[in-house]
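The values are calculated or read from the model by the stated rules, or taken from the named source; none is laboratory data. All values derive from a computational prediction rather than experimental measurement. Methodologically, a virtual Cβ is constructed for each residue, glycine included, from the backbone with ideal geometry; neighbour enumeration extends over all protein chains shown. Heavy atoms of the whole protein, side chains included, go into the accessibility calculation; ligands, DNA and RNA do not. Shrake-Rupley method; radii C 1.70, N 1.55, O 1.52, S 1.80 Å.
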Amino acid sequence: MDKAEVLKSAQGLAAATAQEVISWAVSRFGAANIALATSFGAEDQVLTDMVLRVDKTIPVFTLDTGRLPQETYDVMELTRSRYGIKIEALFPEKAAVEAMLAEHGPNQFYRSVELRKNCCQVRKVVPLKKKLAALSAWICGLRRDQAVTRGSVSKVEWDESNGLFKLNPLADWTEKEVWGFIKLNDLPYNRLHDQGYPSIGCAPCTRAVKPGEDVRAGRWWWENPEHKECGLHSRGKR
Ligand code: SF4
(Lines give C-alpha, C1' and ligand atoms only; values in the text may rest on other atoms or scores of the structure.)
Protein backbone atom coordinates (compact mmCIF):
# COMPACT_ATOMS: atom_id res chain seq x y z
CA MET A 1 0.00 0.00 0.00
CA ASP A 2 1.40 3.36 -1.04
CA LYS A 3 1.69 5.60 2.02
CA ALA A 4 1.60 8.91 0.14
CA GLU A 5 -1.41 7.83 -1.90
CA VAL A 6 -3.36 6.81 1.24
CA LEU A 7 -2.53 10.10 2.99
CA LYS A 8 -3.65 11.97 -0.13
CA SER A 9 -6.97 10.13 -0.18
CA ALA A 10 -7.39 11.01 3.52
CA GLN A 11 -6.92 14.74 2.95
CA GLY A 12 -10.63 15.32 2.57
CA LEU A 13 -11.31 13.78 5.98
CA ALA A 14 -10.19 16.75 8.08
CA ALA A 15 -13.81 17.81 8.58
CA ALA A 16 -15.30 14.30 8.38
CA THR A 17 -17.35 12.81 11.20
CA ALA A 18 -15.84 10.08 13.34
CA GLN A 19 -17.99 7.43 11.69
CA GLU A 20 -17.00 8.67 8.22
CA VAL A 21 -13.33 8.25 9.18
CA ILE A 22 -13.97 4.69 10.39
CA SER A 23 -16.00 3.83 7.26
CA TRP A 24 -13.21 5.22 5.08
CA ALA A 25 -10.69 3.01 6.89
CA VAL A 26 -12.82 -0.11 6.42
CA SER A 27 -13.17 0.51 2.68
CA ARG A 28 -9.50 1.45 2.35
CA PHE A 29 -7.82 -1.30 4.42
CA GLY A 30 -10.51 -3.93 5.09
CA ALA A 31 -12.05 -4.58 8.53
CA ALA A 32 -9.65 -7.42 9.33
CA ASN A 33 -6.59 -5.22 8.78
CA ILE A 34 -7.54 -2.48 11.22
CA ALA A 35 -8.25 -2.67 14.96
CA LEU A 36 -9.50 -0.52 17.79
CA ALA A 37 -7.09 -0.15 20.71
CA THR A 38 -9.12 0.43 23.86
CA SER A 39 -8.24 1.14 27.46
CA PHE A 40 -11.97 1.49 28.22
CA GLY A 41 -11.73 5.22 28.89
CA ALA A 42 -14.62 7.51 27.90
CA GLU A 43 -13.31 8.14 24.35
CA ASP A 44 -12.67 4.43 23.79
CA GLN A 45 -16.22 3.57 24.84
CA VAL A 46 -17.54 6.04 22.25
CA LEU A 47 -15.28 4.55 19.61
CA THR A 48 -16.20 0.96 20.47
CA ASP A 49 -19.85 1.81 19.88
CA MET A 50 -19.11 3.64 16.62
CA VAL A 51 -16.68 1.07 15.25
CA LEU A 52 -19.10 -1.80 15.87
CA ARG A 53 -21.95 0.16 14.26
CA VAL A 54 -19.83 0.55 11.14
CA ASP A 55 -18.64 -3.07 11.07
CA LYS A 56 -19.10 -5.65 13.82
CA THR A 57 -16.05 -7.60 12.65
CA ILE A 58 -13.48 -4.87 13.35
CA PRO A 59 -11.17 -6.37 16.03
CA VAL A 60 -10.97 -4.71 19.45
CA PHE A 61 -7.93 -5.20 21.66
CA THR A 62 -6.58 -3.91 24.95
CA LEU A 63 -3.26 -3.92 26.78
CA ASP A 64 -3.55 -5.81 30.06
CA THR A 65 -0.50 -4.50 31.88
CA GLY A 66 -1.18 -6.56 34.99
CA ARG A 67 -1.55 -3.33 36.99
CA LEU A 68 -5.01 -2.17 35.90
CA PRO A 69 -7.67 -1.09 38.41
CA GLN A 70 -10.57 -3.47 39.07
CA GLU A 71 -12.94 -0.81 37.72
CA THR A 72 -11.32 -1.18 34.30
CA TYR A 73 -11.91 -4.94 34.29
CA ASP A 74 -15.49 -4.26 35.28
CA VAL A 75 -16.14 -1.98 32.28
CA MET A 76 -14.32 -4.50 30.05
CA GLU A 77 -16.84 -7.12 31.18
CA LEU A 78 -19.79 -4.76 30.65
CA THR A 79 -18.51 -3.94 27.15
CA ARG A 80 -18.06 -7.60 26.23
CA SER A 81 -21.61 -8.43 27.27
CA ARG A 82 -23.27 -5.35 25.78
CA TYR A 83 -21.86 -5.91 22.30
CA GLY A 84 -21.33 -9.69 22.42
CA ILE A 85 -17.77 -9.32 21.20
CA LYS A 86 -14.44 -10.89 22.05
CA ILE A 87 -11.84 -8.39 23.27
CA GLU A 88 -8.26 -9.49 22.81
CA ALA A 89 -6.13 -8.79 25.92
CA LEU A 90 -2.44 -8.39 25.18
CA PHE A 91 -0.11 -9.33 28.03
CA PRO A 92 3.55 -8.38 28.51
CA GLU A 93 6.26 -10.99 28.11
CA LYS A 94 6.44 -13.01 31.33
CA ALA A 95 10.26 -13.21 31.36
CA ALA A 96 10.63 -9.43 30.83
CA VAL A 97 8.26 -8.62 33.71
CA GLU A 98 10.02 -11.10 36.00
CA ALA A 99 13.44 -9.64 35.18
CA MET A 100 12.19 -6.06 35.68
CA LEU A 101 10.64 -6.86 39.04
CA ALA A 102 13.76 -8.72 40.20
CA GLU A 103 15.97 -5.77 39.24
CA HIS A 104 13.85 -2.78 40.25
CA GLY A 105 11.03 -4.03 42.49
CA PRO A 106 7.29 -3.45 42.08
CA ASN A 107 7.23 0.37 42.34
CA GLN A 108 10.08 1.49 40.08
CA PHE A 109 7.89 4.04 38.24
CA TYR A 110 7.96 6.45 41.17
CA ARG A 111 11.75 6.69 41.26
CA SER A 112 12.54 8.29 37.88
CA VAL A 113 11.05 9.08 34.45
CA GLU A 114 13.50 6.58 32.98
CA LEU A 115 12.31 3.73 35.22
CA ARG A 116 8.69 4.70 34.63
CA LYS A 117 9.21 4.60 30.87
CA ASN A 118 10.98 1.26 31.23
CA CYS A 119 7.87 -0.19 32.93
CA CYS A 120 5.58 1.27 30.21
CA GLN A 121 7.92 -0.15 27.59
CA VAL A 122 7.73 -3.68 28.99
CA ARG A 123 4.05 -3.70 29.91
CA LYS A 124 2.60 -1.63 27.05
CA VAL A 125 4.87 -0.67 24.19
CA VAL A 126 6.40 -4.09 23.41
CA PRO A 127 3.07 -5.98 23.39
CA LEU A 128 1.49 -3.19 21.34
CA LYS A 129 4.25 -3.17 18.73
CA LYS A 130 3.92 -6.92 18.31
CA LYS A 131 0.20 -6.52 17.67
CA LEU A 132 0.52 -3.53 15.33
CA ALA A 133 3.06 -5.33 13.15
CA ALA A 134 0.18 -7.37 11.69
CA LEU A 135 -2.14 -4.40 10.97
CA SER A 136 -2.48 -1.69 8.31
CA ALA A 137 -4.02 0.88 10.67
CA TRP A 138 -5.05 1.23 14.30
CA ILE A 139 -7.86 3.31 15.76
CA CYS A 140 -7.27 5.38 18.89
CA GLY A 141 -9.28 7.76 21.05
CA LEU A 142 -6.82 10.68 21.11
CA ARG A 143 -8.31 14.17 21.22
CA ARG A 144 -6.42 17.40 20.60
CA ASP A 145 -7.54 19.12 23.77
CA GLN A 146 -6.59 16.22 26.07
CA ALA A 147 -3.03 17.30 26.75
CA VAL A 148 -0.18 19.60 25.71
CA THR A 149 1.35 16.54 24.02
CA ARG A 150 -1.72 15.97 21.78
CA GLY A 151 -2.43 19.37 20.23
CA SER A 152 -1.36 18.36 16.70
CA VAL A 153 -3.23 15.05 16.42
CA SER A 154 -4.76 14.43 12.94
CA LYS A 155 -7.71 12.19 12.06
CA VAL A 156 -5.53 10.09 9.76
CA GLU A 157 -1.77 10.06 10.18
CA TRP A 158 1.24 7.90 9.50
CA ASP A 159 2.56 6.36 12.72
CA GLU A 160 6.25 6.44 12.04
CA SER A 161 7.37 4.63 15.17
CA ASN A 162 5.07 1.66 14.52
CA GLY A 163 5.04 1.65 10.70
CA LEU A 164 1.28 1.79 10.03
CA PHE A 165 -1.55 4.31 9.75
CA LYS A 166 -3.15 5.69 12.86
CA LEU A 167 -6.73 6.91 12.97
CA ASN A 168 -7.91 9.40 15.57
CA PRO A 169 -11.61 9.80 14.64
CA LEU A 170 -12.31 11.88 17.77
CA ALA A 171 -9.38 14.29 17.21
CA ASP A 172 -11.65 17.35 17.10
CA TRP A 173 -14.15 16.22 19.75
CA THR A 174 -14.48 18.01 23.07
CA GLU A 175 -14.82 16.27 26.41
CA LYS A 176 -18.41 17.52 26.54
CA GLU A 177 -19.20 15.87 23.20
CA VAL A 178 -17.72 12.58 24.40
CA TRP A 179 -19.89 12.54 27.52
CA GLY A 180 -22.92 13.70 25.55
CA PHE A 181 -22.55 10.65 23.28
CA ILE A 182 -22.08 8.30 26.24
CA LYS A 183 -25.19 9.56 28.01
CA LEU A 184 -27.31 9.73 24.85
CA ASN A 185 -26.53 6.13 24.00
CA ASP A 186 -26.37 4.86 27.58
CA LEU A 187 -22.90 3.41 27.03
CA PRO A 188 -21.08 1.51 29.79
CA TYR A 189 -18.19 3.52 31.24
CA ASN A 190 -15.51 3.20 33.88
CA ARG A 191 -17.02 4.23 37.22
CA LEU A 192 -13.72 5.86 38.21
CA HIS A 193 -14.80 8.69 35.87
CA ASP A 194 -17.49 9.52 38.45
CA GLN A 195 -14.84 9.66 41.17
CA GLY A 196 -12.69 12.40 39.62
CA TYR A 197 -10.62 10.31 37.19
CA PRO A 198 -10.93 11.85 33.68
CA SER A 199 -8.03 9.76 32.34
CA ILE A 200 -7.45 6.21 33.59
CA GLY A 201 -4.36 4.05 33.19
CA CYS A 202 -2.64 1.63 35.54
CA ALA A 203 -3.76 1.78 39.19
CA PRO A 204 -0.41 2.88 40.72
CA CYS A 205 0.06 5.62 38.10
CA THR A 206 -3.41 7.20 38.11
CA ARG A 207 -5.08 9.41 40.68
CA ALA A 208 -8.18 11.60 40.78
CA VAL A 209 -7.78 15.25 39.68
CA LYS A 210 -8.91 18.32 41.54
CA PRO A 211 -11.53 20.68 40.02
CA GLY A 212 -9.90 22.86 37.35
CA GLU A 213 -6.86 20.59 36.89
CA ASP A 214 -5.84 19.35 33.44
CA VAL A 215 -7.57 16.09 32.39
CA ARG A 216 -4.21 14.32 32.31
CA ALA A 217 -3.02 15.76 35.63
CA GLY A 218 -3.81 12.48 37.40
CA ARG A 219 -1.57 10.38 35.14
CA TRP A 220 2.02 10.07 36.43
CA TRP A 221 1.18 13.11 38.57
CA TRP A 222 4.72 13.29 39.97
CA GLU A 223 6.16 14.06 36.48
CA ASN A 224 6.22 17.26 34.39
CA PRO A 225 3.40 17.51 31.75
CA GLU A 226 5.77 17.19 28.77
CA HIS A 227 6.83 13.71 29.92
CA LYS A 228 3.31 12.38 30.23
CA GLU A 229 3.12 9.85 27.46
CA CYS A 230 3.78 6.16 27.85
CA GLY A 231 5.34 5.57 24.43
CA LEU A 232 2.12 4.28 22.84
CA HIS A 233 1.49 7.59 21.09
CA SER A 234 4.99 8.86 20.28
CA ARG A 235 4.92 11.95 18.07
CA GLY A 236 8.30 13.30 17.06
CA LYS A 237 10.31 14.24 20.13
CA ARG A 238 7.59 13.14 22.57
FE1 SF4 B 1 4.01 0.61 34.55
FE2 SF4 B 1 2.67 2.75 35.44
FE3 SF4 B 1 3.34 2.52 32.83
FE4 SF4 B 1 1.45 0.97 33.93
S5 SF4 B 1 1.38 3.21 33.62
S6 SF4 B 1 3.02 0.30 32.54
S7 SF4 B 1 2.32 0.56 36.00
S8 SF4 B 1 4.72 2.76 34.61
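Let me make sure I get this right: for segment 88-225, a, b and c are the square roots of the gyration tensor eigenvalues over alpha carbons, sorted descending. Under 1.5 in a/c it's rounded, otherwise prolate if a/b > b/c, else oblate. Which is it? Oblate, because a/c is 1.5 or more while a/b does not exceed b/c. Just checking the listed ones, Arg111, Arg216, Arg143: in the Gaussian network model of the chain with Cα springs under 10 Å, the one fluctuating most is Arg111.
Where in the chain are the DSSP H helices whose C-alpha atoms run 18 Å or more along the long axis and whose mean Kyte hydropathy is at least -0.5? Spell out each step's value before the answer.
Working: long enough: 42-54 (19 Å, 0.36); 70-83 (20 Å, -1.28).
For the chain, where a helix must reach 18 Å along its axis and average at least -0.5, the hits are 42-54.
The length gained on full extension between Glu177 and Ala208, counted as 0.36 nm times the residue separation minus their Cα-Cα distance, comes to 9.0 nm. Each of Leu115, Val126, Ala96 was placed along the dipole of segment 60-132 (beta-carbon charges, centred on the mean Cα), and the one lying farthest toward the positive end is Val126.
Near Ala137, within a Cβ-to-Cβ distance under 11 Å, what is the net charge of the other residues, with Lys and Arg +1 and Asp and Glu -1? Walk me through the numbers on the way to the answer.
Working: positive: Arg28, Lys166; negative: Glu157, Asp159.
Neighbourhood net charge equals 0.
Helix content alone sets the calculated 222 nm mean residue ellipticity of the chain: runs of n ≥ 4 DSSP H residues at -39500 (n - 2.57) each, divided across all residues, give -10000 deg cm²/dmol.
Let me know the longest stretch in the chain that avoids all chymotrypsin sites (Phe, Trp or Tyr not before Pro) found in a DSSP loop with at most 15 other C-beta atoms within 10 Å. Intermediate results must be reported in sequence, preceding the final value.
On the way: sites that count: Trp221, Trp222.
After excluding every exposed loop site, the longest remaining stretch is 1-220.
Does anything in segment 105-140 have its amide N under 19 Å from the 7 Å Cα→Cβ label point of Arg67, and if so which residues? Answer for this model: 105-129. A 1.4 Å probe run over segment 1-55, with the rest of the protein chains in place, finds 41 Å² accessible per residue. For segment 40-70 and segment 97-159, what is the separation of their Cα centres, given in Å? First find each Cα centre; the distance between them is then 16 Å.
Go ahead and set up a Gaussian network model of the chain, Cα springs under 10 Å, then flag whichever of Pro59, Pro69, Pro211 fluctuates most. Residue with maximal mean-square fluctuation among Pro59, Pro69, Pro211: Pro211. For Leu36, nonlocal amide neighbours, meaning residues 5 or more places apart or on other chains whose placed amide H falls under 5 Å from its own, are Val60, Phe61, Ile139. Close amide H contacts of Leu164 (hydrogens built in the peptide plane, cut-off under 5 Å, sequence separation of 5 or more or a different chain): Asp159.
To put it simply, the accessible area of the chain at a 1.4 Å probe is 53 percent carbon and sulfur. The value of relative contact order for segment 102-200, using C-alpha pairs under 8 Å at least six residues apart, is 19 percent. Amide H to amide H distances under 5 Å link Val156 with Asn168, where only residues 5 or more positions off or on other chains count and H is placed in the peptide plane.
Here Lys131 sits with roughly 50 square angstrom of accessible surface, probe radius 1.4 Å. Please say if the chain is rounded, prolate or oblate, where rounded means a/c under 1.5 for a ≥ b ≥ c the square roots of the C-alpha gyration tensor eigenvalues, and otherwise the choice is prolate for a/b larger than b/c and oblate otherwise? The shape class here is rounded. The distance between label points at Asp2 and Phe91 comes to 4.4 nm (points 7 Å beyond Cα on the Cα→Cβ vector).
Once you charge only the Cβ atoms, +1 for Lys and Arg and -1 for Asp and Glu, what is the size of the charge dipole of the chain about its Cα centre, to the nearest 20 debye? Before the final figure, lay out each step's value.
Working: 34 positive and 30 negative charges, 57 e Å.
Approximately 280 debye in magnitude.
Give me the extension gain from Val113 to Val215: residue separation times 0.36 nm, minus the current Cα-Cα distance, reported in nm with one decimal.
Details: separation 102, 0.36 × 102 = 36.72 nm, distance 2.00 nm.
Taking 0.36 nm per residue and subtracting the Cα distance, the gain is 34.7 nm.
In order along segment 165-170, the phi-based Karplus estimate (6.51 cos²θ - 1.76 cosθ + 1.60, θ = phi - 60°) of 3J(HN,Hα) comes to 7, 10, 10, 10, x, 9 Hz; Gly and Pro are listed as x.
Could you tell me the center-to-center distance, by alpha carbons, between segment 1-26 and segment 167-207 in angstrom? Comparing the Cα centres of segment 1-26 and segment 167-207, I get a distance of 25 Å.
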